[in-house]
Amino acid sequence: MLEESVEVCFDEMLDLFMPGENPGDVPFAKLFNNVPQVEGTEADIYSALIDAINRSDILQGYILTLHGASGDTQPDTIDGGMYATDSATNSNKPADWSTIELSFVCKVDDDANHGQPPSNEHIIGLERSLSHGTLVFDRQHRTHHYTIVIFGTLTRVVRLDRTGVIFTEKFDYTEEPAKLARFLWRFSRLSAIQRGHDPTAFRVLPGTLDYDLMVACAATRRPTGDYARVLFQESLADDWPWWRITVEDADGRRDFLVGKPTFIASGLVGRGTRGYLALDPCDPDHPIVFLKDCWRIVHERMQTEGAILSYLNGCGVTGSPTRLYDGDVGGQETVSQDVWKAKRVGEECRLKHYKHYRLVVKEVGIPLHKFETGQQLVFIFIDCLEALESAYLKAGVIHRDISSGNLLMLAREQDGNTVYEGLLTDWELSERIDYTSEAPRQRDRMVCPIVSALGQYLLTPLQGTWQFMSVNALNNPDKPVSIPDELESFFHALLWFAIRWLPHNCNDVGKFMLEYFDAGCTEDNKEYTCGAVKENAMNSSKGLRTNSSTPLRFLRQSLPKQTSEGPSTRLSTSSELSNSGEASASAVKAPKWPQADLHPIDAVFTGLLDWFHAAYQLANHRELEPTIIPTPQESLNEVQAARFKKFQLLLAQDSQPWSTALDPTPQQTRAALEVRAKKLESHKEMLKFLYSRVLIPNVWPEKGDKLPDQLARNSNPKKALRTSQ
C-alpha cells in the first residue's frame, strides 16, 4: 500500500484541501489537559478526547462519537466518527457507514505492532483507514473521505480517494493541540462537495415520492416472468441507503433510482465498480435497467465502455450489452496521483488517474452462480464464447478481461417458458486488434489481490482480473493478450464455478481457490508472476490436482466427508513441488475413478487441459545444438586416446546410428503437440469441443448436480496461506 500513498506536512494538507479561516483567538493550549495519558483504560482516554472536542466550540453542526464493537472493527482498535448533529449515532453503538462524515481510528497500544518495527506504525494506520474508507465508499457516493489515525498521542490526518492515500506527518495532539483543532474546525465548515460528497447522488428517504415509486414498481409484476423486477425488489434492503443517481449522457442528464448494489468491487483503491438494478423514473413504463458506477482509468488509448459498446452494437456483435446512456460524472477525478508526482519528482508514479463514470445498459443479467445444472453452466459459457468470437470477427475487438463476474445469464421468454442465454459484459478493457499489435500491452489496471507470504493483500498493475488471467499473461505482462490467453481465461472461470458448486473430490475448496486463483510468486514483493499451482496445472501432464498425489476429479455425486484414514486432499505447497513444478515422486498413487462416477464436466476439463498443456510444452521447448561426434585426432594424449577408444566401443554396440540431436521433443511428438496447440488459435475449435461434449444425450444430469456453495463463508485466505508457509 505504501506505493499508493504519499506523505505531506500538516499545513500542506490544509492548504490543498481545507479552504477556510482558522478559528482565531479560540484557546486551544489547554484543550486536552483533562485527557488522561497514564491512568485509565484506552477507552477512557479516547472517550475523554472525544468529550473535550465536543464540549469545545470547534465543531459546527457535527458531533464525534465512539463506535461499539462490531464485525467491522478490529479487536486492537477503538474507532469512532463524526456525524451531523441531527443524525449522530449514539456512542458505543455500531458505526453508521451510510451517514458518517469523517472516521477516526485509535490504536490501543502504540508499541504493539505485531512484530513490525516501530517505524512501520503508519502502515497499520493506513490499513485501518483503508478498511474504514472502503465501508464508507461502498455505502455512500464519494469522491474522497478523511480519517484521523491516533497511536497513543501521535496523530495523522489521512485523505483517501480511488487512486491512493495522502497522509500528514505525525504530530502529538497533547503538544500541538491546535493542529487537531484547526483541522476539525475547518472540516466541519466545508461544503458537502469539499467533504467528499458526490452532488449527483441524492438519498431517497421513506415518505418521499421517489421512495414510494421504488416500492410500488418493485411490487408490480408484468404479465410474463419479470425477473429484473424481482431482483430490483431484492435490492431494496432496509439496512442499505437508496439513491437517486444522475447519469450525464451526451444527450442530456437522466436520473435513476437504485437500492443496494448487486455487485461491489473489493477494496478502496482501484476502479471501485458498483453494479445496480436501476429504475428509470423518466420513462412512463418505469423499466428496470442495469447501472454501472465506477472510476475509469484516464489513458489516451482507453475508450469509455459506453463508446466501446456503441461500436459493438453497431457492428452487430451478439451476446454483449446494449448501451443506453453513459458519461463522466461532473468532472470528478482523483488527485492523489498529482500530489504524489509533486512530492516525488523524477520517480515513476504507479498511481493511476481515474475519472468517475456511469454507464446504463438495457440488459439485466443474472449472476452466473445462480445456474441450475452443470449442463446449463456449460451452455452459458458457450454463449459467452460465441460473443467473444463475434466481437473478434465482426468488430476486430478482443475482450482482455474474462472473469467470473463478467459472465452472466440473461433470461427471456420462449413459448411460455423461461430460457437462459449467456451475456458477456465488462468490455472497458477491450481493444481493437490493430491496436494490440502496434504497441506493448498497457499496464494500466490495478486488479485482484495477490497474497504475499505474510498473508497481506497487495495490488499489481496488470490488465485483467488476476484470478482468471492466463499463465502466459501473468508471467509476461508486457505481451498483448491473444486468443489463447482468452480461451485459457474461460477455462479458469469455468473451473471457478465448478469447484464451488459441482461435486468433486477436493475437501478443502478454500485452500484450492487460494492456491490456484489468488496466489502469486514474487522475488521482490513488488512484481508478481503466476502462482505455482495454476502454472503447474497448465504445464504439467498431471493437470488439475487437489494435492501432490490426488488428481482433481468432478463427480456425479458428492462424497461423504472423509475420515482421518481417508486420502488427504490438502494442496501441495510450493516446497512440495520440484523445480519443474511436478509433484514429489514419493506421492501415494491415487485411486482411479470408474467412468460412471465421473461428472461429464470432468471430460471437458481433461480435454481442454490437453490443449493448454501442448501449447505450453511448445512454448517452453528449447532447441539444442546437435552433438558433434568427435573424430580421432593426433593431438590426443595417451589418457584421452584411451577414453576415445571406449567411446568408439559404445558406438559399435548400437544397432542403428546414434542420434546426434539431444532435442527433448522428438519430431513426431512435436507434430502431435502442434496439432493440439493449434486448436487454441481460434474460438471455433473450443466451441466445437464444448458443443460435442454438452450435447451428448443421456449423460448430463437434468437436476441435482448443483450443490450449495462449497467455499466456506468464513473462509480466510490470509490465515490459510500463513498456515501453509
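Remarks
- Residues of region 85-100 that turn out to be modelled with pLDDT of 85 or more and either over 27 Å from the mean Cα position of the chain (by Cα) or polar (S, T, N, Q) (or both), as a count: 4
- Scanning region 367-387 for residues that are open to solvent by less than 10 Å² (accessible area, probe 1.4 Å), within 22 Å of residue 681 (Cα to Cα) and in contact with a strand residue (DSSP E or B) (Cβ under 6 Å, 6 or more places away or on another chain) returns 380, 384, 387.
- Residue tally, condition touching a helix residue (DSSP H, G or I) at 6+ places or on another chain (Cβ under 6 Å) and either open to solvent by 80 Å² or more (accessible area, probe 1.4 Å) or farther than 13 Å from residue 604 by Cβ (or both), over region 682-701: 3
- In summary, residue 350 fulfils each of the numbered conditions (1) open to solvent by 40 Å² or more (accessible area, probe 1.4 Å); (2) under 15 Å from residue 419 (Cβ atoms) with the single exception of condition (2).
- Every residue from region 391-410 that is open to solvent by less than 10 Å² (accessible area, probe 1.4 Å) and more than 24 Å from the chain's Cα centre (by Cα): 391, 395
- Residue match in region 61-79 (condition: open to solvent by 60 Å² or more (accessible area, probe 1.4 Å), over 22 Å from residue 132 (Cβ atoms) and at pLDDT below 90): no
- Subset of region 526-560 (residues that are polar (S, T, N, Q), over 11 Å from residue 609 (Cβ atoms) and outside any loop (DSSP other than H, G, I, E, B)): 529, 536
- Per the conditions (1) touching a strand residue (DSSP E or B) at 6+ places or on another chain (Cβ under 6 Å); (2) surrounded by fewer than 20 Cβ atoms within 10 Å (Cβ to Cβ); (3) on the phi > 0 side of the Ramachandran plot, the sole criterion not satisfied by residue 227 is (3).
- Cβ-Cβ contacts under 8 Å between residues 6 or more apart (or on different chains), taken from a first residue in region 548-559 that is of a type in the set (Lys, Arg) to a second residue that is surrounded by fewer than 21 Cβ atoms within 10 Å (Cβ to Cβ), are listed as 553/505; 553/593; 553/598; 556/596; 556/597; 556/598; 556/701.
- Of all residues in region 564-609, those that are modelled with pLDDT of 95 or more and open to solvent by 50 Å² or more (accessible area, probe 1.4 Å) total 1.
- Considering region 310-342, and only residues there that are over 30 Å from residue 201 (Cα atoms) and out of contact with any helix residue (DSSP H, G or I) (no Cβ under 9 Å at 6 or more places or on another chain), the residue that is most open to solvent (accessible area, probe 1.4 Å) turns out to be 341.
- Test: residue in region 264-273 that is without any contact (Cβ under 8 Å) to a residue 24 or more places away in the chain, under 22 Å from residue 367 (Cβ atoms), open to solvent by less than 10 Å² (accessible area, probe 1.4 Å) and within 18 Å of the chain's Cα centre (by Cα): no
- Residue list for region 472-494, restricted to those being in a loop (DSSP other than H, G, I, E, B) and crowded, with 22+ Cβ neighbours inside 10 Å: 481
- A single entry from 210, 255 fulfils the requirement of being over 29 Å from residue 103 (Cβ atoms) and more than 28 Å from the chain's Cα centre (by Cα): 255.
- Some residue of region 267-289 being of a type in the set (D, E, K, R), touching a Pro at 6+ places or on another chain (Cβ under 8 Å) and farther than 30 Å from residue 334 by Cα: no
- Of all residues making up region 495-514, the number that are under 14 Å from residue 552 (Cα atoms) and in a helix (DSSP H, G or I): 9
- Look at region 13-33: where a residue is in contact (Cβ under 8 Å) with a residue 40 or more places away in the chain and not assigned by the TED database to the domain that holds residue 343 and a partner is in a loop (DSSP other than H, G, I, E, B) and open to solvent by less than 90 Å² (accessible area, probe 1.4 Å), sitting 6+ places away or on another chain with Cβ atoms under 6 Å, you get 20/189; 32/174.
- Test: residue 105 is touching a Lys or Arg at 6+ places or on another chain (Cβ under 6 Å) and at pLDDT below 90: yes
The values are calculated or read from the model by the stated rules, or taken from the named source; none is laboratory data. As the structure is a prediction and not an experimental result, all values here were calculated from the model. With ideal geometry, Cβ positions are generated from the backbone for all residues, glycine too; neighbour counts draw on all protein chains shown. What goes into the accessible areas is simple: the full protein's heavy atoms, side chains included, and nothing from ligands, DNA or RNA. Shrake-Rupley method; radii C 1.70, N 1.55, O 1.52, S 1.80 Å.
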